[in-house]
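Visitor: Shown below is the structure under consideration.
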Amino acid sequence: MSEVGTPPVIGVIGGSGVYEIDGLENTRWEKVTSPFGEPSDELFFGELNSQQMVFLPRHGRGHRIPPSELNYRANIDCLKRAGVTEIISVSACGSLKEGLPPGTFVICDQFIDRTFAREKSFFGTGLVAHVALGEPVCSRLGDAIEDAVKELDIPYQRGGTYLAMEGPQFSTKAESNLYRSWDCDVIGMTNMPEVKLAREAEMCYATVAMVTDFDCWHPDHDDVTVEAIIAVLMGNADKGRALVKTTAPKLSDRLETCHVGCQTALEMALITSPDARDPEMKKRLDAVAGRVLG
């Protein structure tokens, strides 16, 4: 469990191969247990130019777990227990706008949560908390990621709304057009409730949504072949690894608490009075909220 103000440990949640980065040293897989159940996989630890890094294959190695069955709470809790202070989420998505073609990276800053079958909070009966989520991602991480995509000459958009759908099926055309009318930029299945849980765990979080295709609203959608999507996926994976490698050193010099406030999100969030808090809930929250629970 990391304390506020400790040097950063960068966590990366992404595909099975996101950790295959040139220069990553002292690597190991390690099982981390959580009171919230089993995470997607073991954690992959390593160092990149002395920067501590921890990787989690979101769907498990080999992509075994569908979005609705991911144990998001265990994933975030295990990363917190491993000392992670900031999370870079790398995920594939569909585009809801003509100006965001396949191959574009979107550094999202807002989310609409349309999921309904997932545990979305660490807190509950016996220990209630309400964290602020008006600005759901860490702009400091977004700045570093933007600098990196510029260096790598990857087409990108800074800012955008990610529509999180339940899945595993893709949208109907009516749904896709509805989300476009809401001015959403991209659509995916995995970033909620990751964002919410990272905030509850007082961890900085930023999303890089990598566009693989236009969603079904697009008139040319039916002409897209599986081979074309796979080619974009492979290209995005290579760019995603390069992005993580380029971003990491930009975050290594933070020696104090995140100035955006991510790491003090629980400061005013706990509602249940101390004498009414469930001891078992407190025990489960030792990593997530230990800083404020004492």
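The values are calculated or read from the model by the stated rules, or taken from the named source; none is laboratory data. Just so we're clear, the structure is a prediction, and the values are computed from it rather than from any experiment. Glycine also receives a Cβ, built like all others from the backbone with ideal geometry; neighbour counts cover every protein chain displayed. These accessible areas exclude ligands, DNA and RNA; they are computed on the full protein's heavy atoms, side chains included. Shrake-Rupley method; radii C 1.70, N 1.55, O 1.52, S 1.80 Å.
Visitor: For the stretch 48-83, enumerate the residues that are in a loop (DSSP other than H, G, I, E, B) and under 18 Å from Gly15 (Cβ atoms). Before the answer, list the steps.
Guide: Of the residues in the stretch 48-83, the ones in a loop (DSSP other than H, G, I, E, B) are 49-50, 58-66, 70-71, 82-83.
Across the stretch 48-83, the qualifying residues are Arg58, His59, Gly60, Arg61, Gly62, His63, Arg64, Ile65, Pro66, Leu70, Asn71.
Visitor: Follow-up. Quick check, is Arg58 open to solvent by less than 80 Å² (accessible area, probe 1.4 Å), of a type in the set (Lys, Arg) and out of contact with any helix residue (DSSP H, G or I) (no Cβ under 6 Å at 6 or more places or on another chain)?
Guide: yes
Visitor: Those residues that are in contact (Cβ under 8 Å) with a residue 60 or more places away in the chain and either open to solvent by 20 Å² or more (accessible area, probe 1.4 Å) or touching a Leu at 6+ places or on another chain (Cβ under 8 Å) (or both), I need them from the stretch 181-200; list them, please. Lay out the reasoning, then the answer.
Guide: First, pick out the residues of the stretch 181-200 that are in contact (Cβ under 8 Å) with a residue 60 or more places away in the chain: 182, 184-200.
Trp182, Cys184, Asp185, Val186, Ile187, Gly188, Met189, Thr190, Val195, Lys196, Arg199, Glu200 - these are the residues of the stretch 181-200 that are in contact (Cβ under 8 Å) with a residue 60 or more places away in the chain and either open to solvent by 20 Å² or more (accessible area, probe 1.4 Å) or touching a Leu at 6+ places or on another chain (Cβ under 8 Å) (or both).
Yes/no per residue for (1) of a type outside the set (D, E, K, R); (2) within 30 Å of Glu280 (Cα to Cα); (3) touching a Lys or Arg at 6+ places or on another chain (Cβ under 6 Å); (4) buried (at least 23 other Cβ atoms within 10 Å of the Cβ):
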residue: Ile76; (1), (2), (3), (4): yes, yes, no, yes
residue: Glu86; (1), (2), (3), (4): no, yes, no, yes
residue: Glu98; (1), (2), (3), (4): no, no, no, no
residue: Pro101; (1), (2), (3), (4): yes, no, no, no
residue: Asp109; (1), (2), (3), (4): no, no, no, no
residue: Ala117; (1), (2), (3), (4): yes, yes, no, no
residue: Phe123; (1), (2), (3), (4): yes, yes, no, no
residue: Val131; (1), (2), (3), (4): yes, yes, yes, no
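Visitor: What number of residues in the stretch 240-294 are of a type in the set (Lys, Arg) and either closer than 22 Å to Glu86 by Cβ or not in a helix (DSSP H, G or I) (or both)?
Guide: First, the residues of the stretch 240-294 that are of a type in the set (Lys, Arg): 241, 245, 250, 254, 277, 282-284, 291.
The next check asks that each one be either closer than 22 Å to Glu86 by Cβ or not in a helix (DSSP H, G or I) (or both); those that pass are 241, 245, 250, 254, 277, 291.
Looking only at that region, the number is 6.
Visitor: Is it the case that Asp253 is more than 26 Å from the chain's Cα centre (by Cα) and open to solvent by 50 Å² or more (accessible area, probe 1.4 Å)? Talk me through it step by step, then tell me what you get.
Guide: Values: more than 26 Å from the chain's Cα centre (by Cα): no; open to solvent by 50 Å² or more (accessible area, probe 1.4 Å): yes.
Answer is no for this residue.
Visitor: Oh, and also: Please name all residue pairs, on different chains or six or more residues apart, with Cβ atoms under 8 Å, provided the first residue is in the stretch 246-259 and is at negative phi and at pLDDT below 95 and the second residue is part of a helix (DSSP H, G or I) and not small (Gly, Ala, Ser).
Guide: What qualifies is Lys250/Asp147; Leu251/Leu141; Arg254/Arg140; Thr257/Gln263; Thr257/Thr264; Cys258/Arg140; His259/Arg140.
Visitor: Would you mention how many residues in the stretch 25-47 are assigned to a strand (DSSP E or B) and surrounded by fewer than 20 Cβ atoms within 10 Å (Cβ to Cβ)? Talk me through it step by step, then tell me what you get.
Guide: Quick first cut of the stretch 25-47, residues assigned to a strand (DSSP E or B) only: 25-30, 34, 37, 43-47.
The next check asks that each one be surrounded by fewer than 20 Cβ atoms within 10 Å (Cβ to Cβ); those that pass are 25-30, 37, 46-47.
Here the count works out to 9.
Visitor: Residues being in a loop (DSSP other than H, G, I, E, B) and either closer than 30 Å to His259 by Cβ or more than 20 Å from the chain's Cα centre (by Cα) (or both): count how many of those fall in the stretch 1-24.
Guide: Quick first cut of the stretch 1-24, residues in a loop (DSSP other than H, G, I, E, B) only: 1-9, 15-23.
Checking which are either closer than 30 Å to His259 by Cβ or more than 20 Å from the chain's Cα centre (by Cα) (or both) leaves us with 1-9, 18-19, 21-23.
Total satisfying the criteria: 14.
Visitor: Which one of these is within 30 Å of Glu151 (Cα to Cα), open to solvent by 20 Å² or more (accessible area, probe 1.4 Å) and not small (Gly, Ala, Ser): Leu233, Leu178, Leu243?
Guide: Leu233
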